[in-house]
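Have a look at the structure below before the remarks.
The values are calculated or read from the model by the stated rules, or taken from the named source; none is laboratory data. Values in this document were obtained by computation on a predicted structure and should not be read as measured data. Every residue, glycine among them, receives a Cβ derived from its backbone with ideal geometry; neighbour counts consider all protein chains shown. In case anyone asks, the SASA skips ligands and DNA or RNA and just uses the protein heavy atoms, side chains included. Shrake-Rupley method; radii C 1.70, N 1.55, O 1.52, S 1.80 Å.
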Amino acid sequence: MDYDAIFATQLNQLKEEGNYRIFAELERQSGAFPKAKSYDDNAPDEVTVWCSNDYLGMGQNPIVQNAMKDVIDSCGCGAGGTRNISGTNHHHLLLEKELADLHNKEAALLFTSGYVSNWAALSTLGSRLPKAVILSDASNHASMIEGIRHSRAEKVIWRHNDPEDLDRKLAAIDHDRPKIVAFESVYSMDGDICPMQEIVEVSEKHGAMTYLDEVHAVGLYGPRGGGVSEQLGLSDRITLIEGTLGKAFGVLGGYITGSSHLCDFIRSFASGFIFTTALPPAIAAGARASVAHLKVSEMERLRQREQVAKLRAGLDKAGIPHLENSSHIIPVMIKDPIKCRQISDILMHEYGIYVQPINYPTVPKGTERLRFTPSPLHSDIDIENLIFALSTLWKQCAVSRAVA
């Protein structure tokens, strides 16, 4: 059997549909964010990155960099293995204490990524709680979907951000069965924010535990960066809060927070924790420095909100259609995979603007988009250049403008 021929056929189909992914070869320049060196021969040597999930530029903050350098000098590079085999490094425990405090919880548990923390925690809860039912928002991230699937627990999908539908579906489940309501605060593709209080109240009414993914909100919302749950004063009413260290905190890793018993339960039974090499101590130290800084500094959040508002206003003035939401994520709708890739390529090659096209299966077919994430380090000139480029391309590529 010619396996390569099978691979090639399916890859060619992706290309014909306009959904083949091409990764830009970039090199982030320390101290120059959001600028990056480009290795694309058809693009300028320096490009402006507009789609990074390093939402606040903390990946190049000197406080974070120096914390990592100091711990590399004192502890070396790697963790040496799993925490079970090699022991828990002191910096892991310091970070877990910092994260538990961030979310007003008793304990926290680190993972190698936000994807792994969702996959491991949901699969463990669903498989270890007898007769559990997991009720999942229809727009939940792939990592949550995979965790639920791997748990083999009964799954119920409720309509996106619809507490009334959740209420009906919870009411149909035997009161004595364990129920886990899994949802996100900020949804990364549309940028919409969930009706969290209503979801929590419905879950409490039916005795369900709440599982909240705050990966696109931690660091960005709440007086200390604890996410939307902190901003709304709901942290103490949510059973488990999951987050990432690789977005607004600018480093790497994922985590869960909750009661001491809950975190110990996941630590003791989750294969995604037990059998995975731990985060390097320097990564943990850098993440802790970032979390601690954003607990007391509002400057980055306030500046980011200013730049988000400026870009939205500029897009509105130019008639460039984008999804309205109250978050920091600005999806500019193209609704055609070929044009989405085409506009992305022209922005990169002719204007030195990098934004990755978002196509199926990340978003449904017909909703293809460019997803912009302004940071506090994007200048007003960066915003003006982007709006000019988009406005020019809208004419060239025959994309419909928004109606004022």
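Working only within the stretch 303-323, note down all residues that are among the hydrophobic types (A, V, I, L, M, F, W, C), within 19 Å of Ile193 (Cβ to Cβ) and in contact (Cβ under 8 Å) with a residue 60 or more places away in the chain.
The answer is Val308, Leu311, Leu323.
State the number of residues belonging to the stretch 10-19 that are without any contact (Cβ under 8 Å) to a residue 12 or more places away in the chain and open to solvent by less than 90 Å² (accessible area, probe 1.4 Å).
Initial filter on the stretch 10-19 (without any contact (Cβ under 8 Å) to a residue 12 or more places away in the chain): 10-16.
Applying the additional criterion that residues be open to solvent by less than 90 Å² (accessible area, probe 1.4 Å) yields 11-12, 14.
Final tally of qualifying residues: 3.
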Looking at the structure I just gave you, is Arg149 of a type outside the set (A, V, I, L, M), open to solvent by 30 Å² or more (accessible area, probe 1.4 Å) and either in a loop (DSSP other than H, G, I, E, B) or over 25 Å from Lys205 (Cα atoms) (or both)? yes
Return the pair list, or none, for Cβ contacts closer than 7 Å from residues in the stretch 27-42 that are surrounded by 13 or more Cβ atoms within 10 Å (Cβ to Cβ) to residues that are polar (S, T, N, Q), at least 6 apart or on different chains. Phe33/Gln60; Pro34/Thr48; Pro34/Ser52; Pro34/Ser375; Lys35/Gln29; Lys35/Thr48; Ala36/Gln29; Lys37/Gln29
Does Gly219 satisfy the criteria of being of a type outside the set (Asp, Glu), open to solvent by less than 10 Å² (accessible area, probe 1.4 Å) and more than 24 Å from Asn161 (Cα to Cα)? no
I'm trying to understand the selection: among the residues of the stretch 327-346, which are buried (at least 16 other Cβ atoms within 10 Å of the Cβ), within 23 Å of the chain's Cα centre (by Cα) and part of a loop (DSSP other than H, G, I, E, B)? Ser327, His328, Ile329, Ile334
Can you confirm whether Met189 is open to solvent by 30 Å² or more (accessible area, probe 1.4 Å) and in contact with a Ser or Thr (Cβ under 7 Å, 6 or more places away or on another chain)? yes
Residues located in the stretch 227-278, provided they are in a helix (DSSP H, G or I), of a type in the set (D, E, K, R) and under 21 Å from His328 (Cα atoms): Glu230
Is one or more of the residues making up the stretch 327-348 touching a Ser or Thr at 6+ places or on another chain (Cβ under 8 Å) and more than 30 Å from Gly219 (Cβ to Cβ)? yes
Of all residues in the stretch 152-186 being open to solvent by less than 60 Å² (accessible area, probe 1.4 Å) and small (Gly, Ala, Ser), the one that is nearest to the chain's Cα centre (by Cα): Ser185
Filter the stretch 353-386 down to residues that are in contact with a Lys or Arg (Cβ under 8 Å, 6 or more places away or on another chain) and part of a helix (DSSP H, G or I) and give me whichever is surrounded by the fewest Cβ atoms within 10 Å (Cβ to Cβ). Asp380
Unique residue being of a type outside the set (S, T, N, Q) and part of a helix (DSSP H, G or I) when the list is Glu350, Glu324: Glu350
